[in-house]
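See structure below.
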Amino acid sequence: TGSGKTEVYLNLVHKTIQEGRGVLFLVPEISLTPQMIRIFNQRFPGGVAVHHSHLTDREKYQNWLSVMSGEKKILIGARSALFAPVKDLGLIIIDEEGDSSYKQDTNPAYDARRVALEMGRIFEVPVIMGSATPSIFAWSKIQAREFKVFEMPHRHNQQALPEVGLIDLKEEYKNRNFSIFSSKLRDSLQRELAKGHQAILFVNRRGHSSFVMCRSCGTVLECKNCQISLTYHDSHRLHCHYCAFSCDMPSSCFKCHSTAIKYFGLGTQKVEAFFQKEFPGIPYARIDTDLTRRKGYLESVLEKMHRREIQVLIGTQMISKGLDFEDVTLIGVLNPDSLVRMGDYSAPERAFQLFVQIAGRSGRRKKPGEVLLQTYSPDRDIYRRVMGYDLKGFLQEELHVRKSLNFPPFASLIHIQSSAMDSRRALDALTQFYEKLKLELPANLYLELYKPQKSPIERMEGRYRYRCILKAPESPELWEKLFKIRENFRPPNRTRLKVIVDADNLL
């Protein structure tokens with residue numbers, strides 16, 4: 001982090017444009033787009049088009065036309081920008097390659113990185129991937145010498161990486177500190193803010209509290225459409241983050257009628273409330289998807305951070321990568337355990353990437369940086385790796401584990417999911433599909449086929465979901481066969497029944 005890879009990108013783009021060719025520049029998060037647009041517009045005034053989901057249809061259309069005609073040579077955008085008709089494409093750049101946002105799980109499901117590599121092959125143009133925390137997929141390609149690797153092992157100004165410290169929250173509890181801020185983090189915030197420096201507080205969830213529970217009977221309030229706990233927001237309403245359902249906060253438990261209802265977990269709104277209480281008068285802002293839906297909000301906050309009108313930024317993963325603020329000297333990571341413990345084979349990879357990236361927002365100029373991770377599990381190996389910035393050690397160990405289990409990138413985990421408004425129909429359809437797979441899929445094309453079971457999130461948007469997992473080596477032949485089986489699949493009573501086939505997505 002802070003090695004100067006953006007300057008490398010700018011030089012590559014300049015060279016490509018001098019040759020009269022177009023450039024496609026992908027960023028993983030919309031939060032990175034304003035900063036990149038500002039940097040690119042300074043270097044290439046009038047030559048930059050933009051594509052992301054916060055633009056109106058008219059704005060998207062105008063940008064689309066400008067790159068198709070060749071009027072503008074550079075298109076910056078999130079993953080869907082990959083499909084824009086950039087005239088005479090000469091270069092594809094994927095910034096923060098390790099970010100999971102490049103994978104789209106809804107139809108059409110695709111991984112922008114893999115699509116970009118295929119486009120590079122078809123159009124015979126170079127694909128440049130950059131990251132301080134490359135994905136396991138990219139690392140395996142580097143090890144196999146399928147990717148060329150150019151290392152930038154030092155920050156461009158020779159500034160040291162920030163020191164990472166662990167805080168054991170069990171000790172805080174023993175010392176009767178019930179605040180979300182440990183005593184060390186509170187003291188560090190007071191010290192840095194008194195100097196006029198800036199700080200970032202990272203929390204993994206938006207909203208106020210992750211879930212609401214009745215302390216009398218243990219009932220957790222769930223969405224009526226999804227098998228997901230509702231998140232409490234400061235508006236005194238409960239929201240589902242998977243569908244549009246929301247409702248007022250109840251005064252009593254619907255099951256036992258007790259009034260002993262309490263909020264649990266940590267979200268950006270709760271951090272904001274605690275911060276206001278403990279640091280009154282300090283200018284701050286919050287960034288999460290609840291707020292960035294407002295047009296211009298994100299750009300306004302980032303500009304205020306650059307002008308030092310804001311001292312503290314509270315946010316989710318949107319603020320973890322790519323942002324460059326020269327006065328940020330302190331990062332507080334408030335709930336890292338929630339990332340490490342996610343029930344997914346790729347959770348350690350995503351957690352490591354996120355911790356290193358968020359740490360990289362600190363101490364980027366002449367002022368030294370500090371990072372504090374508050375955890376209930378300080379002995380976990382992943383925290384030791386983060387403290388030492390041991391990227392290669394982490395990747396090698398993770399590759400070893402995945403190879404022993406035949407997990408990606410050594411095999412694909414193909415996720416076949418059925419969904420329907422009726423649970424029985426969803427299960428019956430998937431069972432029939434599973435039997436067809438056993439019958440029609442040649443045994444030499446796959447390693448294991450697991451029986452149908454409930455999806456980890458059993459119900460979403462009112463639809464019941466079942467899945468089966470196929471573990472298989474990478475093979476175009478396999479995918480061709482799979483899609484042919486799905487195309488010819490004709491279960492009875494197909495109305496509003498869906499069967500999807502996706503790769504490396506188990507949720």
(message) Could you work out [θ]222 nm for the chain from helices alone, using -39500 (n - 2.57) per DSSP H run of at least four and dividing by all its residues? Round to the nearest 500 deg cm²/dmol.
(response) -10000 deg cm²/dmol
(message) Would you calculate the convex hull of the Cα atoms in region 223-263 and tell me its volume per residue in Å³?
(response) 74
(request) Quick one: work out Rg over Rh on the C-alpha atoms of region 107-179, Rh as Kirkwood radius. (result) 1.23
(request) Quick one: pull the percent of accessible area on region 208-352 belonging to carbon and sulfur, 1.4 Å probe, ligands and nucleic acids left out. (result) 50
(request) Return, in residue-number order, each cysteine of the chain whose C-beta is not under 4.7 Å from any other cysteine's C-beta. (result) CYS243, CYS247, CYS468
(message) So for the chain, averaging the separation of alpha carbon pairs under 8 Å that are six or more residues apart and normalising by length, what relative contact order in percent results?
(response) 14
(message) For LYS392, LYS481, LYS451, LYS148, give me the order by solvent-accessible area with a 1.4 Å probe, most accessible first, ignoring ligands, DNA and RNA.
(response) LYS148, LYS451, LYS392, LYS481
(message) With the alpha-carbon atoms as the only input, what is the per residue convex hull volume for region 246-376 in Å³?
(response) 171
(request) Give me the compactness ratio for region 439-507, meaning the Cα radius of gyration over 2.2 N^0.38 Å. (result) 1.21
(request) At 1.4 Å probe size, with every protein chain present, just tell me what the per residue accessible area of the chain comes to in Å². (result) 48
(request) Leaving ligands, DNA and RNA out of it, work out the accessible area of ARG365 with a 1.4 Å probe and give it in Å² to the nearest 10. (result) 70
(request) Report, ordered by chain and residue number, the aspartates and glutamates lying within cross-link reach of LYS484, taken as a straight Cα distance under 18 Å and ignoring same-chain residues fewer than 8 apart. (result) GLU435, GLU440, GLU474, ASP502
(message) Using the alpha carbons of region 134-253, what is the convex hull volume per residue in cubic angstrom, as a whole number?
(response) 253
(message) Once each part is reduced to its C-alpha centroid, what is the distance from region 1-78 to region 114-158 in angstrom?
(response) 19
(request) Against the globular-protein guess of 2.2 N^0.38 Å, express the Cα radius of gyration of the chain as a ratio, rounded to two decimals. (result) 1.03
(request) Would you list which lysines come within 18 Å of LYS392, measuring only between C-alpha atoms, while excluding same-chain residues fewer than 8 positions from it? (result) LYS141, LYS148, LYS403
(request) May I ask you to list the aspartates and glutamates whose Cα is less than 17 Å away from that of LYS184, ignoring any residue fewer than eight positions away on the same chain? (result) GLU163, ASP168, GLU171, GLU172, GLU192, GLU278, GLU370
(message) If I model region 381-458 as equal point scatterers sitting on the Cα atoms and use the Debye formula, what is log10 I(q)/I(0) at q = 0.15 Å⁻¹?
(response) -0.73
(request) Please name which of ILE319, TYR173, SER346 has its Cα lying farthest along the dipole of the chain towards the positive end, using unit charges on Cβ (Lys, Arg +1; Asp, Glu -1) and the Cα centre as origin. (result) TYR173
(request) Run the dipole for the chain about the Cα centre, Lys and Arg Cβ at +1, Asp and Glu Cβ at -1, nothing else charged, and hand back the magnitude in debye, nearest 20. (result) 740
(request) Could you please put ASP422, ASP248, ASP168 in sequence from largest to smallest accessible area, using a 1.4 Å probe? (result) ASP248, ASP422, ASP168
(message) Can you divide the C-alpha Rg of region 227-313 by 2.2 N^0.38 Å and report the result to two decimal places?
(response) 1.36
(request) Rank PRO108, ILE122, LEU82 by how far each Cα sits towards the positive end of the charge dipole of region 73-143 (+1 on Lys, Arg Cβ; -1 on Asp, Glu Cβ) and give me just the farthest. (result) ILE122
(message) Along the charge dipole of region 172-324, pointing to its positive end and built from +1/-1 on Cβ of Lys, Arg, Asp and Glu, which listed residue (GLY296, SER216, ALA244) has its Cα farthest out?
(response) SER216
(message) Please compute the Kirkwood hydrodynamic radius of region 70-199 from all pairs of different C-alpha atoms, in Å with one decimal.
(response) 19.0
(message) Counting other C-beta atoms within 10 Å, and keeping those with at most 15, which DSSP coil chymotrypsin sites (Phe, Trp or Tyr not before Pro) do you find in region 254-330?
(response) PHE254
(request) Could you check how much of the accessible area of region 357-507 is carbon and sulfur, as a whole percent, using a 1.4 Å probe? (result) 51
(message) Not counting ligands, DNA or RNA, and with a 1.4 Å probe, what is PHE245's accessible surface area in Å² rounded to the nearest 10?
(response) 40
(request) Would you mind checking LYS270/LYS454; LYS451/LYS481; LYS451/LYS471 for any pair whose Cα atoms are more than 22 angstrom apart? (result) LYS270/LYS454
(request) Do me a favour and compute the ellipsoid semi-axes for region 14-75 from its Cα gyration tensor, root of five times each eigenvalue, largest one first, whole Å. (result) 18, 15, 9
(message) So for region 323-406, considering every pair of alpha-carbon atoms, how many percent are separated by more than 14 Å?
(response) 65
(message) How large is the accessible surface of LYS498 in square angstrom, using a 1.4 angstrom probe and rounding to the nearest 10?
(response) 110
(request) Starting from region 450-487, pick out the chymotrypsin sites (Phe, Trp or Tyr not before Pro) whose DSSP state is loop and whose Cβ has at most 16 other Cβ atoms within 10 Å. (result) TYR450
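The values are calculated or read from the model by the stated rules, or taken from the named source; none is laboratory data. A quick note: this is a predicted structure, and the numbers were derived from the prediction, not measured. Because the Cβ atoms are built from the backbone with ideal geometry, glycine has one as well, and the counts that use them run over all protein chains shown. Ligands, DNA and RNA are stripped out before the accessible areas are found, and what is left, the full protein with its side chains, is counted by its heavy atoms. Shrake-Rupley method; radii C 1.70, N 1.55, O 1.52, S 1.80 Å.
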